[in-house]
Amino acid sequence: MEDVSQPSPGISKVVSRMHGSTIGQKALMAVSGVLLIAFSFGHMAGHLQMFVGPEPYNAYAHFLQSLGGIKWAIRFGLVALTILHIFSAFQLTMRNRAARPIAYASNKWLAASIGAKTMRASGGIVLFFILYHILHFTVLLVGTAGFPPEDTYKLANGLMVDDVYRRMVISFQNPALALGYVFGVGLLALHLSHGIQSALQTLGALNSTYRPLVKRVGPALAGLLFAGFASVPLAVLTGCIK
Amino acid sequence: MNLTLKIWRQKDKATPGKFETYEAKDISPDMSFLEMLDVVSERAQAQGQEPCAFDHDCREGICGMCSLVINGVPHGPEAATTTCQLHMRKFKDGDNIVIEPWRASAFPVLRDLVVDRTAFDRIQQKGGFVSVNTGGTPDGNAIPVSKLEADLAMDAASCIGCGACVAACKNASAMLFVAAKVSQYAHLPQGQAERSRRVLAMMEQHDVEGFGSCTNFGECEAVCPKEISVRVIAEMNRDYLRATLVGTDP
Ligand code: SF4
Ligand code: FES
């Protein structure tokens, strides 16, 4: 057998195999996806503090803003992961299209889930949703109608901080924005209902023992993320959070 | 029973093909799908038309030679069954049946429903074997293999190389086939010496042949006549990544 593995691969070989082979590219897509999911869960957990009240939520938001260099490192990392995720998806899609130049006249799906079949569409829309979300709450460029000009909040310790809580409430009292956000995170959940198990399979984490479990855990985690994210706009919209 | 067949006809690799419609009258429900095509071809020939070319050999479901995408499903509607073992009683009188070749750029159509699957042979030649130096025959049970591992190896080894997994995959990926061939050795002691180089070499050839990449939809597993599980793909991914990042063979 031709020996392509020995001696020890060497870093340039590792890089070329990871980015030049189908399994390598898929692994990059899976790893970037898993890291972005991990961020999403942290983000979601932070937002649940909206249910506790303005004090802890604004204090938490202020803490994140005060991280300085770490904050920027995380932001930069998230952008890099997103680009990596999209870039590998794009390259693999191009390859896959070329692999079947003539389509079937009749085509029947036997196993693929709805989440699987809509990966590209859901991923694309979620990207635009995230861009809007950043322009909305981070850059304060869109959807800011009704934000008070003097939106500071006095913490219990006397510190004046941004009233992020108020901005959230004002935004989600607008039904179009609230339902738009629910729709956005709904598509994210749809994307992950296939994405989580697909990533684990790609990384070789599934053997016959764990596969049936993960097939259910993937959609369940996606559902959990949806419930956590969607609860905030819905609670504001229905007046549970004011 | 009477059927209407829409069959892909293509003169050769270079000529574009098209569908042609055939009426298949008085077909016995006890015929296999290939016997039905034999009859249709014979009748066409009797009328001076070119018979339709399709692949077949054992007609026992063991060689992997037969193919055909039947109404959108490779090997037809019955699960875990090759086209040669599919019987006409699975269809209804008056059915319309669309018959197409495997569609993949790595499996070019040679004629009508016959595709060139030598890409699989080239992948196999890269590492679908264990290198054995000459010498005395080892004792039968000298190397212990647990029942569980032997079963996993045997399950993977039941792949007949038909290519239905490629045909069913929306990306025309051959991952299920390659993974079956890799996994059968990964579970046996004899396969360990070349484990890393095998998976790297075979996957490299997979990519060179122009097969697509796996998106884990599971369509391959659903059509595989030998019910190879996508478990083998997870195992191969793990082996490939390990071989890439750290691995060399002992
Ligand atoms: S894995 Fe199944 S479908 Fe694919 S070539 Fe082997 S037997 Fe055929
Ligand atoms: S002809 Fe041999 S498997 Fe169908």
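Backbone geometry of the stretch B:87-95 corresponds, through the Karplus equation with coefficients 6.51, -1.76 and 1.60 at θ = phi - 60°, to 3J(HN,Hα) couplings of 10, 5, 5, 6, 10, 10, 4, x, 4 Hz, x marking Gly and Pro. Rolling a 1.4 Å probe over the protein chains gives B:Phe217 an accessible area of about 30 Å².
When B:Arg242, B:Arg195 are compared by accessible surface with a 1.4 Å probe, the order from highest to lowest is B:Arg242, B:Arg195. Computed with every protein chain present, the accessible area of A:Val126 is close to 10 Å² [probe 1.4 Å]. Computed over the alpha carbons of the stretch B:118-245, Rg followed by Dmax gives 14.6, 47 Å.
Comparing mean-square fluctuations of B:Lys147, B:Lys126, B:Lys226 from a GNM of chain B with C-alpha springs under 10 Å, the top value falls on B:Lys147.
Note on exposure: B:Glu194, B:Glu35, B:Glu78, B:Glu60 ranked by accessible area (1.4 Å probe, complete protein assembly) read B:Glu60, B:Glu35, B:Glu78, B:Glu194, with the most exposed listed first.
Entry note, chain B: the mean residue ellipticity at 222 nm calculated from DSSP H runs of n ≥ 4, each adding -39500 (n - 2.57), is -10500 deg cm²/dmol after division by the residues and rounding to the nearest 500. Given a 1.4 Å probe and the protein chains as shown, A:Leu35 ends up with an accessible area of around 90 Å². Other protein chain C-beta atoms within 10 Å of residue C-beta, averaged over B:200-212: 4.
Please report, ordered by residue number, every helix of chain A (full DSSP H runs) that is 18 Å or longer along its axis going by C-alpha atoms and whose mean Kyte-Doolittle hydropathy reaches 0.5.
Numbers: long enough: A:22-47 (37 Å, 1.07); A:69-99 (45 Å, 0.81); A:119-133 (20 Å, 1.30); A:175-202 (39 Å, 1.05); A:211-237 (39 Å, 1.28).
Helices passing the filter in chain A: A:22-47, A:69-99, A:119-133, A:175-202, A:211-237.
Considering only B:Pro74, B:Pro138, B:Pro51, the mean-square fluctuation computed in a Gaussian network model of chain B, springs between alpha carbons under 10 angstrom, is largest for B:Pro138.
Scalar couplings 3J(HN,Hα) for the stretch B:184-201, obtained by applying the Karplus form with A = 6.51, B = -1.76, C = 1.60 to θ = phi - 60°, are 4, 8, 5, 9, 10, x, 5, x, 5, 4, 10, 4, 5, 5, 4, 5, 5, 5 Hz; x denotes Gly and Pro. Setting aside same-chain residues fewer than 8 positions from B:Lys90, which aspartates and glutamates have a Cα under 15 Å from its Cα? Straight-line reach from B:Lys90, under 15 Å: B:Asp30, B:Glu35, B:Glu78.
Take every Cα pair under 8 Å in chain B that's 6+ residues apart, average their separations, divide by the length, and report that relative contact order as a whole percent. Rounded, it is 20 percent for chain B. A straight Cα-to-Cα reach below 17 Å connects A:Lys13 with the aspartates and glutamates A:Glu2, A:Asp3, B:Glu204, B:Asp207, B:Asp239, B:Asp249, residues fewer than 8 places away in its own chain not being considered. Remark: accessible surface ordering of B:Val69, B:Val130 (largest first) is B:Val130, B:Val69, probe radius 1.4 Å. Could you check which residue among A:Ala99, A:Ala61, A:Ala222 shows the biggest mean-square fluctuation in a GNM of chain A with a 10 Å Cα cutoff? Looking only at A:Ala99, A:Ala61, A:Ala222, the largest GNM fluctuation is found for A:Ala99. Count Lys and Arg as plus one, Asp and Glu as minus one, and take only other residues whose Cβ is under 13 Å from that of A:Arg100; the net charge is then +2.
The values are calculated or read from the model by the stated rules, or taken from the named source; none is laboratory data. Here the structure is a predicted model, which is why all the values come from computation and not from measurement. As a convention, Cβ positions derive from the backbone with ideal geometry for all residues, glycine included, and neighbour counts pool all protein chains shown. Remember, those area values only see protein heavy atoms, side chains included, never the ligands or the DNA or RNA. Shrake-Rupley method; radii C 1.70, N 1.55, O 1.52, S 1.80 Å.
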